[in-house]
Amino acid sequence: MGSPVCGFLKQNNIIFLRFFAILVLSCIPDGTNLCSNPSFDTPTIPPHSSSSSIPSSLKTLTLDGYFSFENLKHAAKDFGNICHYLPIAVLHPKSVSDISSTIKHILYMSSVTKLTVAARGRGHSLQGQAQAYQGVVINMESLDRPSMYIENGEVPYVDVSGSELWINILHETLKYGLSPKSWTDYLHLTVGGTLSNAGISGQAFRHGPQIDNVYQLEVVTGRGEVVTCSDKENADLFYGVLGGLGQFGIITRARISLGPAEKMVKWIRILYSEFSTFSNDQEHLISSNNSFDYIEGFVMINRTGLLNNWRSSFNPKDPIQASQFSSDGKILYCLEMVKYFNPEKIDVLNQDIEKLLSELNYIPSTLFLSEVSYVEFLDRVHLSEIKLRSKGLWEVPHPWLNLLIPKSRILDFAEGVFGNIVKDNNNGPILIYPVNKAKWNNRTSMVTPEEDIIYLVAFLSSALPGTDGLEHIMTQNQHILDFCAKAQLGAKQYLPHYHTQDEWQAHFGTQWETFVQRKSAYDPLAILAPGQRIFQKAISIT
């Protein structure tokens with residue numbers, strides 16, 4: 001069956017013939033699945049027939065940066081450590097024009113090559129999404145980063161490079177008593193990387209994901225054009241790129257909304273033994289006008305000595321009761337909450353927290369509290385990274401599965417998965433928390449279930465040495481996906497990964513036509529982000 005993109009192009013061929021006549025643009029076939037090799041070796045597959053001329057062609061470009069053509073294995077690896085697609089070259093750009101010139105050159109060469117382009121930030125993709133088999137990987141970390149511009153007036157914002165790390169933005173904006181409003185749990189990621197997906201954490205119930213806290217973008221499209229876009233200027237590209245999985249352009253600059261930043265946080269953990277009580281309390285908190293600033297939950301299956309593990313950084317409100325609590329053999333649900341505050345307002349803060357806690361139905365003996373700095377809390381995962389790196393346990397396979405579940409079916413999901421399909425979480429944490437979509441903008445490319453409240457459920461597994469291993473975790477992930485499909489839960493994948501265009505079309509649902517039209521408009525030859533495996537690179541007719 002012909003690709004929907006082809007039909008769209010036929011209706012608009014006058015516009016697109018100015019650039020190229022499209023021969024074909026369809027789904028990537030299943031023939032070569034480079035992610036299925038459990039040995040994690042870079043597969044050896046014959047290169048394109050014309051690839052021998054490609055390096056010399058790229059060498060003719062006048063750039064501020066440079067290309068490298070040898071020792072490219074780092075560009076065929078990511079945090080997932082499952083997929084390994086070896087590129088033919090890596091661009092180390094110094095300027096945005098380097099990126100633009102490279103894409104335009106590949107467009108010019110498109111009659112003789114299937115060369116594609118992937119932008120790579122810190123390489124935190126899970127399934128090779130920032131890789132380009134026999135293509136060009138753009139090392140965004142090489143891009144010169146102009147100084148951040150911070151506007152601290154009535155509508156504060158920060159202008160930053162798309163290659164900037166969120167942790168650096170945090171430190172710089174705090175000098176003005178400001179910070180971004182919405183975060184991911186891990187801050188050592190690039191702005192362009194998270195904005196191409198969504199950027200979700202425990203603040204999303206209040207401020208929406210990171211893609212809903214952006215005023216303006218600079219983007220290099222699949223045509224090589226450098227375009228400034230916002231809600232009022234080139235709005236279709238603006239909303240397409242946000243959550244667009246890198247399909248329509250490479251984000252090279254962003255203007256991000258800021259808000260007042262406090263100096264400290266009160267960090268609280270409480271436990272539940274019943275999922276319905278746990279989820280009801282979470283939903284109550286995210287719907288309250290005066291609530292916590294951060295709300296997340298996680299699941300603990302077959303864990304022992306849980307409260308003792310917390311004592312290194314949390315203090316029980318009632319030590320005697322806490323010492324009598326036993327977690328052995330139970331499925332427990334932890335609600336984790338944070339209130340930001342300045343030290344001079346600690347009394348008011350404690351009163352607010354007491355009131356909020358009085359409205360909840362947790363196990364009283366499991367109330368644990370801690371006070372840390374604002375930066376220490378937001379950068380908490382990095383501390384774990386340092387410890388894991390020191391033990392050689394960071395660069396292992398991470399077969400993560402992230403799902404968005406509608407509120408109306410979250411009880412069915414919990415009953416079917418926790419304790420049945422997933423019988424422990426020794427391979428990594430299981431996060432689960434609701435967000436209110438009233439705070440989200442439905443014009444972006446981000447796909448969610450069609451309910452006002454949805455749950456993020458994240459199985460953050462690591463295939464550690466001596467554990468059940470990668471195959472077991474991936475089989476478990478597939479069982480979860482099969483359960484969701486059979487039970488017709490209406491779930492959507494976050495950070496999605498599919499092999500066929502039919503699966504992608506089902507993922508996008510009613511947004512698929514818009515997604516295809518945007519692809520045709522901004523990347524008509526499907527040069528960008530081949531690692532997502534949504535569209536296949538087309539060939540132009542000379």
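The values are calculated or read from the model by the stated rules, or taken from the named source; none is laboratory data. Values in this document were obtained by computation on a predicted structure and should not be read as measured data. When we count neighbours, we look across all protein chains shown, and the Cβ atoms used for this are built from the backbone with ideal geometry, even at glycine. Keep in mind that these areas ignore ligands, DNA and RNA; they rest on the heavy atoms of the full protein, side chains included. Shrake-Rupley method; radii C 1.70, N 1.55, O 1.52, S 1.80 Å.
Can you tell me how the range 149-260 classifies by the Cα gyration tensor, rounded, prolate or oblate, using a/c under 1.5 as the rounded cut? Provide the component values of the computation, followed by the final result.
On the way: a/c = 1.68, a/b = 1.46, b/c = 1.15.
Here the range 149-260 falls in the prolate category.
Where in the range 241-279 does the amide nitrogen come within less than 19 Å of the point 7 Å from the Cα of I363, taken along Cα to Cβ?
It comes to 268-279, nothing else.
Sequence gap at least 6, Cα distance under 8 Å: using those rules, report the relative contact order of the chain to the nearest whole percent. Could you put the intermediate results ahead of the total?
Numbers: 1140 pairs, mean separation 105.3, N = 542.
So the answer I get is 19 percent.
GluC sites (Glu not before Pro) within the range 100-184: which are DSSP loop residues with at most 12 other Cβ atoms inside 10 Å? Working shown, then result.
Values: sites: E141, E151, E154, E164, E172; in loops: E154, E164.
Qualifying residues, ordered by number: E154.
May I ask which residue of N197, S358, F298 lies farthest towards the positive end of the charge dipole of the chain, with charges of +1 (Lys, Arg) and -1 (Asp, Glu) on Cβ and the Cα centre as origin?
Selected residue: N197.
May I ask which residue of L369, G428, S384 lies farthest towards the positive end of the charge dipole of the range 308-428, with charges of +1 (Lys, Arg) and -1 (Asp, Glu) on Cβ and the Cα centre as origin?
G428
Just to confirm, what accessible area per residue do you get for the chain at 1.4 Å probe, in whole Å²? Provide the component values of the computation, followed by the final result.
Working: 22960 Å² over 542 residues.
Value returned for the chain: 42 Å² of accessible area per residue.
In debye, nearest 20: dipole of the range 149-260 around its Cα centre with unit charges on the Cβ of K, R (+) and D, E (-)? Please report the intermediate quantities before stating the final value.
Details: 7 positive and 12 negative charges, 34 e Å.
Its charge dipole is roughly 160 debye.
Take the alpha carbon atoms of the range 509-539, find their center, do the same for the range 98-162, and report the distance between the two centers in whole angstrom.
17 Å
With only alpha-carbon pairs counted, each pair once and no self-pairs, how large is the Kirkwood hydrodynamic radius of the range 368-409 in angstroms?
Details: mean 1/r = 0.0739 Å⁻¹.
Result for the range 368-409, one decimal place: 13.5 Å.
Mind checking which of I88, S279, V112 is farthest towards the positive end of the chain's charge dipole, using Cβ charges of +1 (Lys, Arg) and -1 (Asp, Glu) about the Cα centre?
So the residue furthest toward the plus end is V112.
Eigenvalues of the Cα gyration tensor times 5, then square-rooted: what semi-axes does that give for the chain, in whole angstrom, largest first? It would help to have the intermediate numbers written out before the result.
Details: eigenvalues 335, 133, 97 Å².
Equivalent ellipsoid semi-axes, largest first: 41, 26, 22 Å.
Size of the range 310-425 along its principal axes in angstrom, Cα-based, largest extent first?
Sorted largest first, the three principal extents are 45, 37, 33 Å.
Here is the link list: K175/K355; K181/K387; K181/K345; K175/K339; K317/K339; K59/K104. Which ones come out longer than 25 Å on Cα distance?
Working: K175/K355 32 Å; K181/K387 28 Å; K181/K345 21 Å; K175/K339 21 Å; K317/K339 17 Å; K59/K104 14 Å.
Violating the 25 Å Cα-Cα cut-off are K175/K355; K181/K387.
For the residue pair T228 and S276, what label-to-label distance in nm results when each label sits 7 Å from Cα along the Cα-to-beta-carbon direction?
5.6 nm
Could you give the nm distance between label points at H188 and N420, where each point is 7 Å from its Cα heading toward the beta carbon?
3.9 nm
Could you give the distance between the Cα centres of the range 348-373 and the range 176-210, to the whole Å?
25 Å
So between K355 and L411, what do we pick up on full extension, going 0.36 nm a residue minus the alpha carbon distance? Display every interim value, and only then the final one.
Values: separation 56, 0.36 × 56 = 20.16 nm, distance 2.72 nm.
Here the answer is 17.4 nm.
Given the Cα-Cα distance of E151 and H472 and 0.36 nm per residue of separation, how much length would full extension add, in nm?
On the way: separation 321, 0.36 × 321 = 115.56 nm, distance 4.96 nm.
Contour length minus the Cα-Cα distance gives 110.6 nm.
Expressed in nm to one decimal, what extension gain is obtained for the pair H479 and E376 from 0.36 nm per residue of sequence separation less their Cα-Cα distance? Mind dumping the intermediate values first?
Working: separation 103, 0.36 × 103 = 37.08 nm, distance 3.67 nm.
Using 0.36 nm per residue and subtracting the Cα-Cα distance, I get 33.4 nm.
Taking all protein chains as present, what is the carbon and sulfur share of the accessible area of the chain, in % to the nearest whole number, probe 1.4 Å? Intermediate values should be presented prior to the final figure.
On the way: 11320 of 22960 Å².
Roughly 49 percent of what the probe reaches on the chain is carbon or sulfur.
When the helices in the chain are scored as -39500 (n - 2.57) per DSSP H run of 4 or longer and the sum is shared across all residues, what 222 nm value do you end up with, to the nearest 500 deg cm²/dmol?
Details: 18 runs with 153 residues, N = 542.
Computed mean residue ellipticity for the chain: -8000 deg cm²/dmol.
Hey, rough spin-label estimate for W512 and Y108, points 7 angstrom out along Cα→Cβ, what's it come to in nanometres?
Going from the W512 label point to the Y108 one covers 3.8 nm.
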